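The values are calculated or read from the model by the stated rules, or taken from the named source; none is laboratory data. Small disclaimer: the values here were computed from a predicted structure and weren't measured. Please note that ligands, DNA and RNA were not included when accessible areas were found on the heavy atoms of the full protein model with its side chains. Shrake-Rupley method; radii C 1.70, N 1.55, O 1.52, S 1.80 Å.
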Amino acid sequence: MFLWSLTSSPSSPHKVSSVSLTLAAPSSAKPSRPANPRPSSSTSAPSAALYQDFIQAIDELRSPVSDVDTLKSSLSESNAKLQAVGLPLLKSLDAFVEAQNVCRNVNLALQSVRSYVRLMELCSQSNYHLSRGNFYMAQGDEGLQRLAG
């Protein structure tokens, strides 16, 4: 009877760290056939082939794990590079958006100042006409009426 033994490391329980094959005596006290110190070539060849197939299968299972580890580290490195390159761009974008907001605010303030200057001119003209007693001219100021309406 053959006993297969797989051991894994505590840090990664899904990785097989060693494989062993041992020949064990049957569990009954009296063996059905006498123990042979040297197994015949007919029983040794299939078990050795099975062992080699098993080892090959384990190696095939371990190779995707190492590929995944390689891809994981490559992805981590690419992410770090992307963040290093993207950080200055992000800061530039933030500065650009802030500058656009300031520009909009300044333009809005200038438009408001232009409107107020025009209103003050019209008020000044109306006051001038009122001070001279030209009530008809003060009432007929079209610009003031446009601003009020």
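Hey, among the residues in region 93-127 that are among the hydrophobic types (A, V, I, L, M, F, W, C) and open to solvent by 90 Å² or more (accessible area, probe 1.4 Å), which one's farthest from residue 137 (Cα to Cα)?
So the first thing to find is which residues in region 93-127 are among the hydrophobic types (A, V, I, L, M, F, W, C), and the list is 93, 95-97, 99, 102-103, 106, 108-110, 113, 117, 119-120, 122-123.
Adding the requirement that they be open to solvent by 90 Å² or more (accessible area, probe 1.4 Å) leaves 93, 96, 108, 120.
On the way: 93: 55, 96: 50, 108: 32, 120: 17 Å.
It comes out as 93.
Within region 32-65, track down each residue that is at pLDDT 80 or above, open to solvent by less than 90 Å² (accessible area, probe 1.4 Å) and among the polar types (S, T, N, Q).
47
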